[in-house]
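Working notes, structure below.
The values are calculated or read from the model by the stated rules, or taken from the named source; none is laboratory data. Source: prediction; values computed, not measured. Glycine also receives a Cβ, built like all others from the backbone with ideal geometry; neighbour counts cover every protein chain displayed. Just the protein is used for accessible areas: all its heavy atoms, side chains included, with ligands, DNA and RNA removed. Shrake-Rupley method; radii C 1.70, N 1.55, O 1.52, S 1.80 Å.
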Amino acid sequence: ASFLLMCFRSPLVTPLIFGLLLQPPVTQLSIITQPNIVLLVADDLGIGDVGCYGNDTIRTPNIDRLAKEGVKLTQHIAAAPLCTPSRAAFLTGRYPLRSGMDAINNYRVIFWNAGSGGLPPNETTFAKILQQQGYSTGLIGKWHQGVNCESRNDHCHHPLKHGFDYFYGMPFTLISDCQPTETPEMDRAFRRKLWLSTQIIGLITLTAALGRLTGLISVGWKTLTCLAGFSLLFFVSWFSSYGFIRYWNCIMMRNHDVTEQPMVTDRTTSLILRESVSFIERNKHKPFLLFLSFLHSHTPLLTTEKFLGKSRHGLYGDNVEEMDWMVGEVLDAIDKAGLKDATLVYFASDHGGWLERQENKRQLGGWNGIYRGGKAMGGWEGGIRVPGIFRWPGVLPAGTVIDEPTSLMDIYPTVVHLAGGAVPQDRIIDGRDLMPLLRGTVAHSEHEFLFHYCGIHLHAVRWHQKDRGAVWKAHYVTPVFSPPGAGACYDRGFCPCFGEGVTHHDPPLLFDLSQDPSEDKPLSADTEPLFDTVIRKIGRAIEEHRRTLTPVPEQLSVYNVVWKPWLQPCCGTFPFCWCDKEGDN
């Protein structure tokens, strides 16, 4: 005891103790080497739909709380303006065309559970690396990255093949066809053409038969039989898929097992929330990754009775407010498990809101704030600029706002490094580790250029000129809005990537997003002295970027996208596929 007393009286020890006590509470990053990671990703949510991003009429207190307690990114960019390619980029940290997950045609997303395209087995997701680092990994909600390749049970694209230990949710995506009371959404225009063609062929067959019976037309019975057979085959060939969309696409799975076919939409929200909270509770004693991929706020906007009619923005606002409540329930589960300080929480949307989604006078899509364009538009900010919020108490400074270009692809290296893993060295990773930027140890994002694709077509490029603080954006292709000046492609339902529905710009349209984030005032050589310099710089960046691209199989080719009955997930004996295992329980 006397020895210890002498030590504490030593002139060297006293300043040392005071120095340690006066150290700022640095972070727990050195203590928590493997934090829990909760990724909350909304579907089709516009950046203007969230309170902390400027919406003062839709109530999102829980998402706003995340921003208040953490870091809000104001220039967070999706790698694609549609679900399938954006989520492929999010999972792999790579532009989707590197994995073949961007389209060469107008089928720009996975269209069927029974298609053969999907996230290739040779892609390494962040979940796979975290799984190797000892994490329990779970995906709850939407997948939309494919299921099978060659047989009904090979599950080559399934979440469990891509690093997730547990999956509960939709292997596809929520669509209005899942709700019997809603107007069909999937391939609506193409289905109208199929119906019309069927009616024309049927009318020709009927006319020929009546002509034969009345003697007005000289046609043989053999010809009539062939014509009738063709009519029937044509009808069966398309109605066997499009006539049963609810059974083929609107299903729920737990791991490899189909639990609902078709899904019972009245209880989907409560089941997804229950599964998310249960996953946290089951894994609270070891590091875990929970990817909660919301079905909100995609049409048909499944909303429970508790929230119906409660917002000032109709069904869409009700749906967003319910999703915010779900976020709050997940945060409460983290708190109750005593994991708040040991958990990195991230919230984002997969792309911008769907402006064209309307039924009669009801607006069923989101709002993208001051930003032009929306879902499906590869270049305009409204299609790709999304909410991005991180919270990690004691590690990330609360109440911070960062206006630097960041990408959903950045989540990949960020969570991999936090888990103690290493990103693959045998392929290009386009994302950048965000932790230095989020913690404030660097002032600028590592991204100098971001490339904005629509399918495989490069529509725009962003250049972050860090020495001037400028963010330049050059548009090489833009969609033709219809009707003219409307701000979206209302006549089409979606803006196209190529063909007659787009305009090519030479020289490109140039905007300084740091001064004109709404992209209202295109610059020219007459109005901007640096115009030619900026365009040349971006042009060289495009050339360098294209040299890094290598040919890969097209996952969204017509062959891979079409419905194949031998690949259809089925909880019975195909084609008798129906079950309700949740109801049985």
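Per this entry, Gly115 is counted among residues that are open to solvent by less than 10 Å² (accessible area, probe 1.4 Å), of a type in the set (Gly, Ala, Ser) and more than 30 Å from Glu281 (Cβ to Cβ). Of the listed requirements (1) touching a residue at least 40 places away in the same chain (Cβ under 8 Å); (2) closer than 18 Å to Thr181 by Cα; (3) open to solvent by less than 20 Å² (accessible area, probe 1.4 Å); (4) part of a helix (DSSP H, G or I), Leu315 misses just one: (3). The residues listed here are Gly54, Gly46, Gly70; of these, the one that is in contact (Cβ under 8 Å) with a residue 12 or more places away in the chain and on the phi > 0 side of the Ramachandran plot is Gly54. Taking the conditions exactly as written (under 27 Å from Arg492 (Cα atoms) and open to solvent by less than 60 Å² (accessible area, probe 1.4 Å)), does Gly134 satisfy them or not? For Gly134, the condition - under 27 Å from Arg492 (Cα atoms) and open to solvent by less than 60 Å² (accessible area, probe 1.4 Å) - is not met.
Let me confirm something: among Trp354, Trp325, which residue is within 18 Å of the chain's Cα centre (by Cα) and either modelled with pLDDT of 95 or more or surrounded by fewer than 21 Cβ atoms within 10 Å (Cβ to Cβ) (or both)?
On the way: Trp325 fails: within 18 Å of the chain's Cα centre (by Cα).
The match here is Trp354.
Yes or no: Arg372 of a type outside the set (Val, Ile, Thr), within 23 Å of Asp512 (Cβ to Cβ), in contact (Cβ under 8 Å) with a residue 60 or more places away in the chain and open to solvent by 60 Å² or more (accessible area, probe 1.4 Å)? The answer is yes for Arg372. Could you list all residues from region 44-92 that are closer than 25 Å to Ile110 by Cβ and among the small types (Gly, Ala, Ser)? Selection gives Gly46, Ala78, Ala79, Ala80, Ser86, Ala88, Ala89.
To keep it simple, each residue is scored yes or no on (1) at pLDDT below 95; (2) in contact with a helix residue (DSSP H, G or I) (Cβ under 7 Å, 6 or more places away or on another chain); (3) closer than 28 Å to Asp102 by Cβ; (4) of a type outside the set (Ser, Thr, Tyr).
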| position | (1), (2), (3), (4) |
| --- | --- |
| Leu119 | no, yes, yes, yes |
| Phe126 | no, yes, yes, yes |
| Thr137 | no, yes, yes, no |
| Arg188 | yes, no, yes, yes |
| Leu210 | yes, no, no, yes |
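For region 522-572, a residue qualifies if it is of a type in the set (D, E, K, R) and in contact (Cβ under 8 Å) with a residue 24 or more places away in the chain, and the qualifying residues are Lys537, Glu554, Lys564.
Looking at the structure I just gave you, is Arg59 modelled with pLDDT under 50, charged (D, E, K, R) and open to solvent by 30 Å² or more (accessible area, probe 1.4 Å)? No: the conditions fail for Arg59.
Determine if region 537-548 includes at least one residue that is in a loop (DSSP other than H, G, I, E, B) and under 25 Å from Trp112 (Cα atoms). Walk me through how you get there before you give the answer.
Here is the first cut: in region 537-548, the residues in a loop (DSSP other than H, G, I, E, B) are 548.
So of that shortlist, the ones also under 25 Å from Trp112 (Cα atoms) come out as none.
Checking region 537-548: not a single residue is in a loop (DSSP other than H, G, I, E, B) and under 25 Å from Trp112 (Cα atoms).
Scanning region 398-410 turns up no residue that is closer than 23 Å to Ile129 by Cβ, surrounded by fewer than 18 Cβ atoms within 10 Å (Cβ to Cβ) and among the aliphatic types (A, V, I, L, M). The lone criterion from (1) over 17 Å from the mean Cα position of the chain (by Cα); (2) at pLDDT 95 or above left unmet by Asp49 is number (1).
Find the residue count for region 260-317, including only residues that are of a type in the set (Val, Ile, Thr) and touching a Gly at 6+ places or on another chain (Cβ under 6 Å).
Our first condition is that a residue be of a type in the set (Val, Ile, Thr); within region 260-317, this holds for 264-265, 268-269, 272, 277, 280, 299, 303-304.
Then drop every residue that is not touching a Gly at 6+ places or on another chain (Cβ under 6 Å), which leaves 272.
Adding up the residues that qualify gives 1.
Could you please find all residues in region 559-572 being at pLDDT 95 or above and not basic (Lys, Arg)? Let's see the steps before the verdict.
Applying the first criterion (at pLDDT 95 or above) to region 559-572 yields 559-571.
Those that are at pLDDT 95 or above and not basic (Lys, Arg): Tyr559, Asn560, Val561, Val562, Trp563, Pro565, Trp566, Leu567, Gln568, Pro569, Cys570, Cys571.
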